[in-house]
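Participant: The structure is given below, and queries will be raised subsequently.
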Amino acid sequence: MPERVVEVVPEEGLHARPASLFVETANEYDAEVSVGPEGTADDDLVSASSMLAVTGLGVAGGEKLRIVAEGADAAAALDALEELLSTPEDEL
Amino acid sequence: MNETELKELIDVELISLDEPPAEKEAVIEHLLDLAVEAGRVSDREQALADLLAREEESTTGVGMGIGIPHAKTAGVAEPTLAFTRSSEGVDFGAMDDEPATLFFMILVPEASSDDHLQILSSLSRSLVHEETREKLHAAETSERVQEIIIAEVA
């Protein structure tokens with residue numbers, strides 16, 4: 001399965017607007033995307049399409065995320081999510 | 001947070017099991033008023049402005065029937081968590097379009113670090129589980145709700 005480790009650039013972390021954009025983006029693609037802090041085992045990853053689950057990760061700015069995608073658009077979904085997480089909040 | 005701090009955070013006075021108003025902003029004010037009546041809010045206007053500014057950025061209707069309005073604000077001196085629930089459901093603008101039925105308001109003082117985000121993430125982690133949500137709906141007293149929240153957030 002395609003996967004990637006990406007640093008969370010927005011300073012406040014994966015909260016508020018960056019988090020909702022992240023979930024919206026994950027939902028736009030024909031792919032099942034799951035996410036967790038870097039090093040998270042497969043079984044402990046949570047759904048990237050649930051705002052509640054993503055909020056529960058409590059990821060701070062500067063931390064790294066492991067993102068796994070499965071499905072027809074998996075690679076495109078990972079590209080879009082990586083770009084989003086690499087964008088400072090004031091440019092989102 | 002230890003148990004004493006958690007009991008202080010979500011005092012039984014901050015829990016209401018009565019049906020809240022049917023509209024999002026009114027629910028937020030209703031939760032805020034629980035905190036005001038419990039003597040936890042020094043500046044209601046400021047706290048409300050900070051809560052609504054956060055909603056403006058992106059909704060705290062996080063789906064699965066949960067709304068968690070929250071803010072860091074000069075309007076409180078101590079971390080404060082208020083709870084109410086609805087049997088009707090309230091449109092909280094969630095991405096999954098599910099009406100919210102469980103509401104938690106988190107207010108932390110301006111000077112605190114990121115305590116509210118920690119409370120927010122541990123609450124969210126536990127609320128992902130259907131069992132937790134069902135327990136909160138089934139609870140018959142404020143004391144029971146307090147017990148559940150303390151067990152889940154700790």
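The values are calculated or read from the model by the stated rules, or taken from the named source; none is laboratory data. What you are looking at is a predicted structure, and each value in this text was computed from that prediction instead of being measured. Here the Cβ positions follow ideal geometry from the backbone for every residue, glycine too, while neighbour counts run over all protein chains shown.
Participant: Which condition number in (1) crowded, with 21+ Cβ neighbours inside 10 Å; (2) in contact (Cβ under 8 Å) with a residue 40 or more places away in the chain; (3) farther than 17 Å from A:THR55 by Cα is the one that B:GLY75 fails?
Facilitator: (2)
Participant: Next question. So in region A:38-51, with the set limited to residues that are within 12 Å of the chain's Cα centre (by Cα) and surrounded by 14 or more Cβ atoms within 10 Å (Cβ to Cβ), which one is nearest to B:GLY93 (Cα to Cα)? Walk me through it before giving the result.
Facilitator: Here is the first cut: in region A:38-51, the residues within 12 Å of the chain's Cα centre (by Cα) are A:38, A:45-51.
Filter again for surrounded by 14 or more Cβ atoms within 10 Å (Cβ to Cβ), leaving A:45-51.
Values: A:LEU45: 26, A:VAL46: 22, A:SER47: 20, A:ALA48: 18, A:SER49: 16, A:SER50: 14, A:MET51: 12 Å.
Filtering region A:38-51 for residues that are within 12 Å of the chain's Cα centre (by Cα) and surrounded by 14 or more Cβ atoms within 10 Å (Cβ to Cβ), the one nearest to B:GLY93 (Cα to Cα) comes out as A:MET51.
Participant: Just wondering, is there one or more residues in region A:65-78 that are touching a strand residue (DSSP E or B) at 6+ places or on another chain (Cβ under 7 Å), more than 10 Å from every other protein chain (Cβ to nearest Cβ) and in a loop (DSSP other than H, G, I, E, B)?
Facilitator: Taking region A:65-78 first, the residues touching a strand residue (DSSP E or B) at 6+ places or on another chain (Cβ under 7 Å) are A:65-71, A:77-78.
In the following step, the residues that additionally are more than 10 Å from every other protein chain (Cβ to nearest Cβ) were identified as A:65-71, A:77-78.
This time we only want the ones that are in a loop (DSSP other than H, G, I, E, B), so: A:71.
Yes: one or more hits.
Participant: Suppose we filter A:VAL23, A:VAL33, A:VAL54 for residues that are surrounded by 20 or more Cβ atoms within 10 Å (Cβ to Cβ), more than 12 Å from every other protein chain (Cβ to nearest Cβ) and either in contact (Cβ under 8 Å) with a residue 24 or more places away in the chain or farther than 26 Å from B:LEU52 by Cα (or both); which single one remains? Give the steps one after another, and end with the answer.
Facilitator: Values: A:VAL23 fails: more than 12 Å from every other protein chain (Cβ to nearest Cβ); A:VAL54 fails: more than 12 Å from every other protein chain (Cβ to nearest Cβ).
Of A:VAL23, A:VAL33, A:VAL54, the one residue that is surrounded by 20 or more Cβ atoms within 10 Å (Cβ to Cβ), more than 12 Å from every other protein chain (Cβ to nearest Cβ) and either in contact (Cβ under 8 Å) with a residue 24 or more places away in the chain or farther than 26 Å from B:LEU52 by Cα (or both) is A:VAL33.
Participant: Now for a different question. In region B:105-149, what residues are assigned to a loop (DSSP other than H, G, I, E, B) and either under 22 Å from B:THR4 (Cβ atoms) or not hydrophobic (A, V, I, L, M, F, W, C) (or both)? Step through it out loud before you land on a result.
Facilitator: To start, the set of residues in region B:105-149 that are assigned to a loop (DSSP other than H, G, I, E, B) comprises B:110-114, B:128-129, B:139-141.
Once the filter is applied, which keeps residues that are assigned to a loop (DSSP other than H, G, I, E, B) and either under 22 Å from B:THR4 (Cβ atoms) or not hydrophobic (A, V, I, L, M, F, W, C) (or both), region B:105-149 yields B:GLU110, B:ALA111, B:SER112, B:SER113, B:ASP114, B:HIS129, B:ALA139, B:GLU140, B:THR141.
Participant: How many residues are of a type outside the set (Ser, Thr, Tyr), surrounded by fewer than 21 Cβ atoms within 10 Å (Cβ to Cβ) and within 11 Å of chain A (Cβ to nearest Cβ) if we restrict to region B:103-127?
Facilitator: To start, the set of residues in region B:103-127 that are of a type outside the set (Ser, Thr, Tyr) comprises B:103-111, B:114-120, B:123, B:125, B:127.
Then drop every residue that is not surrounded by fewer than 21 Cβ atoms within 10 Å (Cβ to Cβ), which leaves B:109-111, B:114-115, B:118, B:125.
With the extra rule that they be within 11 Å of chain A (Cβ to nearest Cβ), the set shrinks to B:114, B:118, B:125.
Of the residues in that region, 3 qualify.
Participant: Another one. Among the residues of region B:73-91, is any modelled with pLDDT of 95 or more, within 13 Å of chain A (Cβ to nearest Cβ) and in contact with a Ser or Thr (Cβ under 9 Å, 6 or more places away or on another chain)?
Facilitator: no
Participant: Scan region B:82-89 and give yes if some residue there is under 13 Å from the mean Cα position of the chain (by Cα), aliphatic (A, V, I, L, M) and either surrounded by fewer than 22 Cβ atoms within 10 Å (Cβ to Cβ) or farther than 19 Å from A:HIS15 by Cβ (or both), otherwise no.
Facilitator: Yes, the conditions are met somewhere in region B:82-89.
Participant: Continuing with the same structure: I'm trying to understand the selection: among the residues of region B:128-152, which are within 12 Å of chain A (Cβ to nearest Cβ) and among the hydrophobic types (A, V, I, L, M, F, W, C)?
Facilitator: Residues of region B:128-152 within 12 Å of chain A (Cβ to nearest Cβ): B:128-130, B:132-133, B:152.
Within region B:128-152, just B:VAL128 meets the criteria.
Participant: Just for region A:36-51: of the residues that are assigned to a strand (DSSP E or B) and closer than 15 Å to B:GLY63 by Cβ, which one is farthest from the other protein chains (Cβ to nearest Cβ)? Give the steps one after another, and end with the answer.
Facilitator: Of all residues in region A:36-51, those assigned to a strand (DSSP E or B) come to A:36-37, A:46-47.
Adding the requirement that they be closer than 15 Å to B:GLY63 by Cβ leaves A:46-47.
Numbers: A:VAL46: 7, A:SER47: 9 Å.
The qualifying residue farthest from the other protein chains (Cβ to nearest Cβ) is A:SER47.
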